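Working notes for the structure below.
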Amino acid sequence: MRAVQEVLRQAVEQGAPGGLTRVDSDGVVYGTAVGLGDTAAGERMRIGNRFRVGSVTKTFSTVVLMQLVAEGRVDLDAPVGDHLPGLLPDGRVTVRHLLRHRSGLWDYTNDMFARTVPGFEAVRDEVFTMEELVKRSVAHGPTAEPGAAYQYSNTNFVVVGMIIEKVTGNPAAEEYRKRIIEPLDLRHTHYVHPGTTVPGRHSRGYLRPDEAGQPLVDSTEQTVSWGQTAGAMISNAADLNRFTSALLGGELLAPEQLAEMLATTPSDSTGKRFYGLGLRRYDLSCVSVYGHTGTVQGYYTYAFTTRDGSRSVASSANTSNNGTVNTTLGGTLEAAFCGTDRA
Ligand SMILES: C[C@@H](NC(=O)[C@@H](C)NC(=O)CCCC[C@H](NC(=O)C[NH3+])C(=O)[O-])C(=O)O
């Protein structure tokens, strides 16, 4: 794990208090952690620490929705209005548009977090309804015609959460538990919204202010009500590797629904990054990997696996609003999947 450790050490030099990477490769586990999980207590980062996974939540939400598709309870190409009449002004937006970030719905976090620390402090203890979050987006007007372009928006996966709750009649937390967490025995994975604490042994998260030279803000406790089914999940590296391996290994979805998720199109101009349904594909130098990234105040996450789910890598750094650290942390994928530490 020397190459991975070097990458994590660089992330710490660039401002992350700590970082960790766990590799699960054909049943063999490798892990490394550097720096501190709690700077005030001086506790070192531990490989088993839980942390907020941000948008990796979007893949959990997609799996629940795709199970409902398999059960014939949701049609991917039906208008959202079939389930949530009147919610969206444009009746042409379909469920698939949401999952592909092609709905044209404005991302309300653009306004909410325009100023990083004030924006965070204003919402960290707030509890929003999903409707309130969608209303903020709709008030802003559409960013494109439905289906026209990939435009990342948290709003899409809040609407996905609303569809899950409407169709099942249950809170999303219950559907995550029944359909994913319990079947895979993910003991370190929790959806505690609107609770603010990270249960069990966890990394504390540290938000970097916009103003240079200002001290990091401990952002560990928050409701993440601004994120919910788009970003409020808590997990750890072992559970994330178990989740991505199970998903790509066909344990959570039938081949037809998994194939739908894997139907990717470019998500940027590099020619190496793609988005399917609630799932990213990164083309590394030696292999294509599938999973998701996450950014929530105080935490960056990468959780990816190979097409057959046999080799998985999860990395976390306990800082955010630091693009350099985020890019560096992403380098653990290349090091672990393709480098000398090849998973
Ligand atoms: C992109 C990422 N998205 C997510 O994980 C979702 C849940 N997070 C966000 O949209 C970022 C919210 C602001 C974070 C804050 N930034 C600011 O406040 C910037 N002013 C921070 O960095 O902590 C993903 O899919 O990988």
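The values are calculated or read from the model by the stated rules, or taken from the named source; none is laboratory data. Note that the structure is predicted; figures quoted are calculated from it, not measured. Methodologically, a virtual Cβ is constructed for each residue, glycine included, from the backbone with ideal geometry; neighbour enumeration extends over all protein chains shown.
Is there a residue being away from the ligand (no atom under 16 Å from the Cβ), under 19 Å from Gln228 (Cβ atoms), buried (at least 16 other Cβ atoms within 10 Å of the Cβ) and at pLDDT 95 or above anywhere in the range 94-111? Yes - at least one qualifying residue is present in the range 94-111. When Leu247, Leu258, Leu253 are checked against the criterion of being more than 13 Å from the ligand (Cβ to nearest atom), assigned to a loop (DSSP other than H, G, I, E, B) and either more than 27 Å from Ala41 (Cα to Cα) or aromatic (Phe, Trp, Tyr) (or both), Leu253 stands alone in meeting it. Residue count for the range 199-219, restricted to those that are part of a loop (DSSP other than H, G, I, E, B) and either touching a Phe, Trp or Tyr at 6+ places or on another chain (Cβ under 7 Å) or at positive phi (or both): 6. Checking each residue in the range 122-137 for being within 14 Å of the ligand (Cβ to nearest atom) and free of Cβ contacts under 8 Å to residues at least 40 places away in the same chain picks out Ala122, Arg136, Ser137. Scanning the range 130-153 for residues that are touching a Leu at 6+ places or on another chain (Cβ under 8 Å), part of a helix (DSSP H, G or I) and within 12 Å of Trp106 (Cβ to Cβ) gives Val134, Ser137, Val138.
Conditions (1) assigned to a loop (DSSP other than H, G, I, E, B); (2) within 24 Å of the chain's Cα centre (by Cα), marked per residue:
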site: Val74; (1), (2): yes, yes
site: Arg92; (1), (2): yes, no
site: Arg102; (1), (2): yes, yes
site: Trp106; (1), (2): yes, yes
site: Asn110; (1), (2): no, yes
site: Gly119; (1), (2): no, yes
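Residues that are more than 16 Å from the ligand (Cβ to nearest atom), of a type in the set (Gly, Ala, Ser) and in contact with a Ser or Thr (Cβ under 9 Å, 6 or more places away or on another chain) within the range 265-322 comprise Ser288, Gly309, Ser310, Ser312, listed in sequence order.
Right, Leu76: at pLDDT 95 or above, of a type outside the set (Asp, Glu) and within 20 Å of Leu247 (Cβ to Cβ) or not? Before you say what the answer is, go through the steps one by one.
Values: at pLDDT 95 or above: yes; of a type outside the set (Asp, Glu): yes; within 20 Å of Leu247 (Cβ to Cβ): yes.
Considered against the rule, which asks whether it is at pLDDT 95 or above, of a type outside the set (Asp, Glu) and within 20 Å of Leu247 (Cβ to Cβ), Leu76 comes out as yes.
Is it true that Gly278 is small (Gly, Ala, Ser), modelled with pLDDT of 95 or more, under 13 Å from the mean Cα position of the chain (by Cα) and outside any loop (DSSP other than H, G, I, E, B)? If you could, list the steps in order and put the result at the bottom.
Numbers: small (Gly, Ala, Ser): yes; modelled with pLDDT of 95 or more: yes; under 13 Å from the mean Cα position of the chain (by Cα): yes; outside any loop (DSSP other than H, G, I, E, B): no.
In short, no.
Evaluated against (1) small (Gly, Ala, Ser); (2) buried (at least 23 other Cβ atoms within 10 Å of the Cβ); (3) free of Cβ contacts under 8 Å to residues at least 60 places away in the same chain, Gly195 falls short on exactly one condition, (2).
Does Arg280 satisfy the condition of being free of Cβ contacts under 8 Å to residues at least 60 places away in the same chain, crowded, with 20+ Cβ neighbours inside 10 Å, touching a strand residue (DSSP E or B) at 6+ places or on another chain (Cβ under 9 Å) and more than 16 Å from Ile181 (Cα to Cα)?
Details: free of Cβ contacts under 8 Å to residues at least 60 places away in the same chain: yes; crowded, with 20+ Cβ neighbours inside 10 Å: yes; touching a strand residue (DSSP E or B) at 6+ places or on another chain (Cβ under 9 Å): yes; more than 16 Å from Ile181 (Cα to Cα): yes.
So Arg280 fits the description; yes.
Considering only the range 284-333, how many residues are under 14 Å from Glu6 (Cα atoms), buried (at least 20 other Cβ atoms within 10 Å of the Cβ) and either out of contact with any Phe, Trp or Tyr (no Cβ under 8 Å at 6 or more places or on another chain) or not hydrophobic (A, V, I, L, M, F, W, C) (or both)? Result for the range 284-333: 3.
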